[in-house]
Amino acid sequence: MNWQNKVMKMLDAQSIPQLPGAIRLADYAPPDWLVPEVSLDFRLSAGSTRVTSRLVVRRNGNHDRPLVLDGQNLKTSFAMLDGEPIDVVPVGERLEIAIVGDAAIVEFEVEISPALNTRLMGLYESEGRLVTQCEAEGFRAITWFPDRPDVLSVYTVRIEGDAALYPVLLSNGDRGAVETGLAGGRHAVTWTDPWPKPCYLFALVAGDLSALRDGFTTMSGRQVELAIWTSAADVPRCAHAMAALKASMAWDEAIYGREYDLGAFNIVAVNDFNAGAMENKGLNIFNSKYILADPETATDSDFDGVAGVVAHEYFHNWTGNRVTCRDWFQLSLKEGLTVFRDQQFSADQGSAAVRRIEDVRGLRAVQFPEDAGPLAHSIRPDHYVEIANFYTATIYNKGAEVIRMLHTLVGAAGFRAGTDLYFERHDGQAVTCEDWVAAMEAATGSDLGQFRRWYEQAGTPRVAVHERREAGKVIVELVQSQSPTPGQAVKLPVHMPFRMALIGRDSGRRIGEERVVEMREAVTRVEFDAVDEPVLLSLNRGFSAPVIIEAEASRTELAFLAGHDDDPSARWEAMQRLALSVLATDDDPAALVSAVAATLMDGTAGKLDAAFVGEAMLLPTESFIGDQAAMVDVEGIHRRREAARLAIATGLEAEWWAALRTYSGSGTALTPAAKGARRLANVALAYLVGAGSAEALAAARIQYETAATMTDRMGALSALVGTDTPERDACLADFHARFAGNNDVIDKWFTVQALSGRPDTLARVEALARHPDFSITNPNRLRSLVGAFAANQRWFHAADGAGYRLLGDQLLAVDRINPQSAARLAVPLGRWRRFDAARGALMRAQLERVTATPRVSRDVLEMASRALV
Ligand code: 0A1
Ligand code: ZN
């Protein structure tokens, strides 16, 4: 029975989602053979590249098992063992070589075709350049190798290619010999990387590239040459990325004592890339979306994205590269920790409070739904079919929350002692999440026994809060619970830090100190000293634990906290809860309008910074509102949210005009104050356009035309795109013409239309899918239209299922080209249980259509079949 039939049978049996072909953590065994040294020789050509490899292999332990190598789509022209030709007969994608002694030299020559590689894994072509992506299992598409992260090797890489087509030849480490004037107009460069690394960190880039260059002197005084490579025309757009790189290098030294360890650090920006960026040793490869930025083409949030991703990849040099993962079940070891580090860095660079709110918003928009649906998995999963499907918000963002909780529990100094010990113990090793926790425990003397459950249990814990008075004291009971997730029926209480405080109901001030309550048991009782004043609880301050809070509070109390809580996250959360409470009913939104007015006034009076106010003014998204209910009422949510928006817009029209006047015109500066002002001005403009006056439309049109930044131009365009006006059509047409050829900006043009609330959105998206600029081979473009549309709750979930059909069509078309891209599109359909029976059936029908399609990829089959359970 083939794999697909097995999956279908498993689905019939309604068993737990342990798919056939799954790889299990419990089956981990150390590698039988190590490869201390590798030499690679690439003779490049887009149609056919020849890769010669020489592996020094050494038996690991006392056994008589063969050397096992992985390979995918390789045309093997010769193989040799200790200099003697051998016959190799691969079984599927594996090759076994019997070796008599304890060490040997194994050599291969294989032929691969970058031009035909549309999966963007291994060596592929992007706009005439040759680029690699090896994480997680792409190296096997380059040559025969034990493609697993616990085999660490020192690499020497010679790259030879046409000097005109590929004037720049890059690989990991430091550049060595350069050979010029080779036959046929070719040249070559040899790179050596002294640091042993797993093959997923190997990288090669060849092409006509120009660099923005700079330098950095490390804390011990070593000079590092920095270069960001892109097309000549885009070099000036790399300045923000370069500044972020230097800031990251300095920050990692100051905060973690981590210094860079090679003479060169290269970054390359490419347009065709499956993910955001990749931390290859000394040669980071980026999706150009996270490198190129200038005020004309990048919004403030794009600028922040660039800085955050540059920092993330740089920080991997220690958390990921110097200390790497033993196996892919440990992915969050490097990703959760590195996301936490990039979040800390970003908070240090700007407004920490707003950054935290943005991180929480992102976590709840993507990770909470993942944890609540059929794709739930713990941050250290125990089985997978296709590891590419596990680069999830859970591994990354919940992983970062788990690290953040450790930081809160052991304190900043303890955490630093823990990371120091972790690096001291494990530098140069491939380790596990357990090694990480053990280092934290040993360095701080804390007991993290129960904390380890975070690594095993999937799902979002709930904390119910009960409050009463006893002899003047405030007694709070925190009750934690957790629903089952697929394959995990029983959940145990987790250890978490819960920051809380009391806010005076009269004074509006905090009463006493904030408490960091360590919850361990199912029920935790907290006692606050007697207070005279009535009080309100400020809960989960700073979002110290990634949980769902269930607490009773009236709208008046929430409005009071939204105006007075001294913790920005909790204050923002109070406003969110108030909005959710209003939006869950058809009640008059007056309470919400006055809370918004109060916060806006606090901003104008200078009591709150503009960035926070802009954040607090945003209503919860339709999807987030839907996530709160047992069943998503697609039309009702849209109708009520639109009504509330209109009430806030018309009820405060004068205030919004005042805010627009106060906050617009902040130029192109990227200071937190200027960014905050732009954000708030654009929120004001959106409300004004929503109120529908001719003056507002004119203001939006003028802002669109005269904008000094993409933030303001997009702000105006987004405000207009939901309207049915000539301004909308004119600005959309202008935008497309003005930015023709700029991929990242044209992506925005697709996205803004896919997210529109207009009733003709589905038809527009169908038309855009036939637009000459649309392409399913470019992951960014696919995401900008189809990915964005799937996030448009009102129109993706159109009752007739047309949105689902569009997604199914696109998914199946992409699967033949790029399975990783396709598999991601299955995720929105996995939410079928949350919708009414009719929609649920239509969503399932698309998933079933996918699983029944002949020769569908393993990536997609795994996602679609898990989504159906
Ligand atoms: N390790 C990278 C993410 C990444 C993962 C897989 C990729 O393959 C398509 C690419 C990049 C990071 O965390 O940035
Ligand atoms: Zn990462």
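Could you say which residue among Tyr260, Tyr256 is closer than 30 Å to Trp328 by Cα, surrounded by fewer than 20 Cβ atoms within 10 Å (Cβ to Cβ) and of a type in the set (Phe, Trp, Tyr)?
Tyr256
Any residue at all in the stretch 231-250 that is β-branched (Val, Ile, Thr) and buried (at least 18 other Cβ atoms within 10 Å of the Cβ)?
There is no residue in the stretch 231-250 that is β-branched (Val, Ile, Thr) and buried (at least 18 other Cβ atoms within 10 Å of the Cβ).
May I ask you to list the residues in the stretch 168-187 that are within 18 Å of Leu44 (Cα to Cα) and assigned to a loop (DSSP other than H, G, I, E, B)?
Asn172
Restricting the search to the stretch 603-619, which residues are in contact with a Leu (Cβ under 6 Å, 6 or more places away or on another chain) and modelled with pLDDT of 95 or more?
Scanning the stretch 603-619 gives a single hit, Val613.
Kindly provide the set of residues from the stretch 28-43 that are farther than 23 Å from Ile99 by Cβ and within 32 Å of the chain's Cα centre (by Cα), ordered by number.
none
Modelled with pLDDT of 95 or more, buried (at least 19 other Cβ atoms within 10 Å of the Cβ), hydroxyl-bearing (Ser, Thr, Tyr) and not in a strand (DSSP E or B) - does that describe any residue in the stretch 147-154?
no
Report, by residue number, each residue of the stretch 511-564 that is surrounded by 12 or more Cβ atoms within 10 Å (Cβ to Cβ), more than 22 Å from Val360 (Cα to Cα) and acidic (Asp, Glu).
Across the stretch 511-564, the qualifying residues are Glu521, Glu533, Glu557.
For the stretch 666-680, enumerate the residues that are without any contact (Cβ under 8 Å) to a residue 12 or more places away in the chain, assigned to a loop (DSSP other than H, G, I, E, B) and not hydroxyl-bearing (Ser, Thr, Tyr).
Ala669
Exactly one of (1) within 16 Å of ligand 2 (Cβ to nearest atom); (2) at negative phi; (3) more than 15 Å from the chain's Cα centre (by Cα) is unmet by Gly320. Its number?
All conditions pass for Gly320, except number (2).
Let me confirm something: among Thr324, Thr297, which residue is hydroxyl-bearing (Ser, Thr, Tyr) and either part of a loop (DSSP other than H, G, I, E, B) or near ligand 1 (Cβ under 9 Å from one of its atoms) (or both)?
Thr297
For a quick check of your reading: which strands (runs of 3 or more DSSP E) sit entirely within the stretch 188-250 and have at least 3 residues that are closer than 20 Å to Val310 by Cβ?
210-217, 223-230
Quick check on the stretch 264-275: of everything there that is in a loop (DSSP other than H, G, I, E, B) and more than 9 Å from ligand 1 (Cβ to nearest atom), which residue is surrounded by the fewest Cβ atoms within 10 Å (Cβ to Cβ)?
Asn271
Only one of (1) part of a strand (DSSP E or B); (2) in contact (Cβ under 8 Å) with a residue 12 or more places away in the chain; (3) farther than 24 Å from Glu107 by Cα fails for Leu165. Which number is that?
Single failed check for Leu165: (1).
For residues in the stretch 343-359 being over 13 Å from Ala311 (Cβ atoms) and within 14 Å of the chain's Cα centre (by Cα), which is farthest from ligand 2 (Cβ to nearest atom)?
Glu358
Return yes or no: is Phe340 within 12 Å of ligand 2 (Cβ to nearest atom), assigned to a helix (DSSP H, G or I), at pLDDT 95 or above and crowded, with 22+ Cβ neighbours inside 10 Å?
Criteria met by Phe340.
Just give me the residues in the stretch 618-636 being part of a helix (DSSP H, G or I) and more than 27 Å from Arg356 (Cα to Cα), in sequence order.
Val634, Glu635, Gly636 - these are the residues of the stretch 618-636 that are part of a helix (DSSP H, G or I) and more than 27 Å from Arg356 (Cα to Cα).
For the structure I just gave you, tell me whether Glu441 is more than 25 Å from the chain's Cα centre (by Cα), acidic (Asp, Glu) and closer than 27 Å to Ser378 by Cα.
yes
If we keep just the residues of the stretch 283-299 that are over 15 Å from Val131 (Cα atoms) and in contact with a strand residue (DSSP E or B) (Cβ under 8 Å, 6 or more places away or on another chain), which is farthest from ligand 2 (Cβ to nearest atom)?
Taking the candidates together, the pick is Leu292.
If we keep just the residues of the stretch 613-669 that are of a type in the set (Ser, Thr, Tyr) and under 25 Å from Ala837 (Cα atoms), which is surrounded by the fewest Cβ atoms within 10 Å (Cβ to Cβ)?
By that ranking, first place goes to Thr621.
Between Ala393, Ala347, which is out of contact with any Ser or Thr (no Cβ under 7 Å at 6 or more places or on another chain), hydrophobic (A, V, I, L, M, F, W, C) and more than 16 Å from ligand 1 (Cβ to nearest atom)?
Result: Ala347 is the single residue among Ala393, Ala347 that is out of contact with any Ser or Thr (no Cβ under 7 Å at 6 or more places or on another chain), hydrophobic (A, V, I, L, M, F, W, C) and more than 16 Å from ligand 1 (Cβ to nearest atom).
Looking at the stretch 419-430, can you tell me whether even one residue there is hydroxyl-bearing (Ser, Thr, Tyr), away from ligand 2 (no atom under 16 Å from the Cβ) and farther than 17 Å from Gln457 by Cα?
yes
Give the number of residues within the stretch 276-290 that are away from ligand 1 (no atom under 13 Å from the Cβ) and part of a loop (DSSP other than H, G, I, E, B).
Residues flagged as away from ligand 1 (no atom under 13 Å from the Cβ) and part of a loop (DSSP other than H, G, I, E, B) within the stretch 276-290 amount to 1.
Here is a check on your reading of the model: is Asn266 modelled with pLDDT of 95 or more, in contact with a Ser or Thr (Cβ under 6 Å, 6 or more places away or on another chain), more than 13 Å from ligand 2 (Cβ to nearest atom) and of a type in the set (S, T, N, Q)?
no
Please find, within the stretch 176-196, the residue that is surrounded by the most Cβ atoms within 10 Å (Cβ to Cβ) out of those that are under 15 Å from Leu165 (Cβ atoms) and under 40 Å from the mean Cα position of the chain (by Cα).
Val189
The values are calculated or read from the model by the stated rules, or taken from the named source; none is laboratory data. Just so we're clear, the structure is a prediction, and the values are computed from it rather than from any experiment. Note that each Cβ is placed from the backbone with ideal geometry, even for glycine, and that neighbours are counted across all protein chains shown.
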